[in-house]
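Asker: The structure under discussion is supplied below as structure tokens; questions concerning it will follow.
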Amino acid sequence: MKQPHSNLLRLGINVDHVATLRNARGGSHPDPVSAAHMARLAGADGVTAHLREDRRHIRDDDIRRLKDEVALPLNFEMAATDEMRRIALALKPHAVCLVPERREERTTEGGLDVAGQLAQLTPLVHELVDAGIRVSMFVAADPRQLEASVAAGAPVVELHTGSYAEADETQAVELARLIEGARLAASLGLEVHAGHGLNYDNVGAIAAIPQLRELNIGHFLVGAALFEGLDASVRQMKALMRAAREQAAA
Ligand code: PXP
């Protein structure tokens, strides 16, 4: 019998859109830090937040409080800019996920072009790793990008599941790409995470990919919380992840 590995898949809750709702009115409600506390009690294994250049949702003070006040490892998503580099080195979060960022986009639309920016990214990755931060590269499941992530010195990749989540008739193709990408990444010695656009309906096939160690999920969980509460949405997501792992391992 194969070993069950359901406990090896962590859920990182992305609280960006709690801050989006707060910022719609100003003030302090709803507080992304309170959401992170509640998600922890519901079983989330980590908290993720993206401090964007324009501070459209998460702000500097949120990141500091998420690090100082929440008893979960913080995954700090950031663009590879000098400003963010300085913030990360001062904050020293558990992890940094390097993401591409364009001012006009609504969300992080594509993976980071690590292969095309290897010379610029490598010193940054080394500096963050040397500071004791676990660095991941948010990339498409593309062999070139996975190999470049290794070359840059990153120990982790997060596979972008957006194309899979948004696909209609090509979903099987996108899933196959992710399965193959996870296999290749693990064979290159990378720890493999995944995220973007995951929800109750599409998480199972991703959670079943045996090499994955962490999923980062935000928008859907925060939206579902409006109807069922954050505690219930986190518990339900974890239950679906666990069931998919157990079924895949059986
Ligand atoms: N992982 C990364 C690197 C992201 O940029 C995002 C979106 O901010 C997510 C995961 C979460 O995506 P979603 O909000 O669609 O669940």
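Asker: Determine which single condition L8 fails, assuming it passes every other condition in (1) within 16 Å of the ligand (Cβ to nearest atom); (2) within 21 Å of H196 (Cα to Cα).
Answerer: (1)
Asker: Can you list residue pairs whose Cβ atoms sit under 6 Å apart, with the first residue in segment 190-209 being touching a residue at least 24 places away in the same chain (Cβ under 8 Å) and farther than 9 Å from A165 by Cα and the second being within 12 Å of the ligand (Cβ to nearest atom) and in a helix (DSSP H, G or I)? Count only pairs 6 or more apart in sequence or on different chains.
Answerer: That search, which allows pairs on different chains as well, returns A194/I206.
Asker: Taking D113 and the conditions (1) away from the ligand (no atom under 15 Å from the Cβ); (2) more than 30 Å from A35 (Cα to Cα), which numbered condition does it fall short on, given that it satisfies the others?
Answerer: Result: D113 passes all but (1).
Asker: Tally up the residues in segment 56-84 that are out of contact with any strand residue (DSSP E or B) (no Cβ under 8 Å at 6 or more places or on another chain) and touching a residue at least 12 places away in the same chain (Cβ under 8 Å), please. Break it down into steps so the answer makes sense when it comes.
Answerer: Residues of segment 56-84 out of contact with any strand residue (DSSP E or B) (no Cβ under 8 Å at 6 or more places or on another chain): 56, 59-61, 64-65, 68-69, 71, 81-83.
Going one step further and asking which of them are touching a residue at least 12 places away in the same chain (Cβ under 8 Å), we end up with 56, 59-60, 64-65, 69, 71, 81, 83.
Selection size over segment 56-84: 9.
Asker: In segment 139-151, what count of residues is obtained for those that are away from the ligand (no atom under 14 Å from the Cβ) and either over 13 Å from G110 (Cα atoms) or of a type in the set (K, R) (or both)? Don't jump to the end; show me each part of the working.
Answerer: Filtering segment 139-151 for residues away from the ligand (no atom under 14 Å from the Cβ) gives 142-144, 146-148, 150-151.
Next, from what is left, pick out any that are either over 13 Å from G110 (Cα atoms) or of a type in the set (K, R) (or both): 143-144, 146-148, 150-151.
Residues in segment 139-151 being away from the ligand (no atom under 14 Å from the Cβ) and either over 13 Å from G110 (Cα atoms) or of a type in the set (K, R) (or both): 7 in total.
Asker: If only one of V135, V129 is in contact (Cβ under 8 Å) with a residue 24 or more places away in the chain, more than 16 Å from the ligand (Cβ to nearest atom), touching a Pro at 6+ places or on another chain (Cβ under 8 Å) and under 25 Å from L89 (Cα atoms), which one is it? Before the answer, list the steps.
Answerer: Details: V135 fails: more than 16 Å from the ligand (Cβ to nearest atom).
Among V135, V129, only V129 is in contact (Cβ under 8 Å) with a residue 24 or more places away in the chain, more than 16 Å from the ligand (Cβ to nearest atom), touching a Pro at 6+ places or on another chain (Cβ under 8 Å) and under 25 Å from L89 (Cα atoms).
Throughout, read-outs are computed from the coordinates displayed, never taken from laboratory work. Since the structure is predicted, the reported quantities are computational estimates derived from the model, not experimental observations. All Cβ positions, glycine included, derive from the backbone under ideal geometry; neighbour counts span all protein chains shown.
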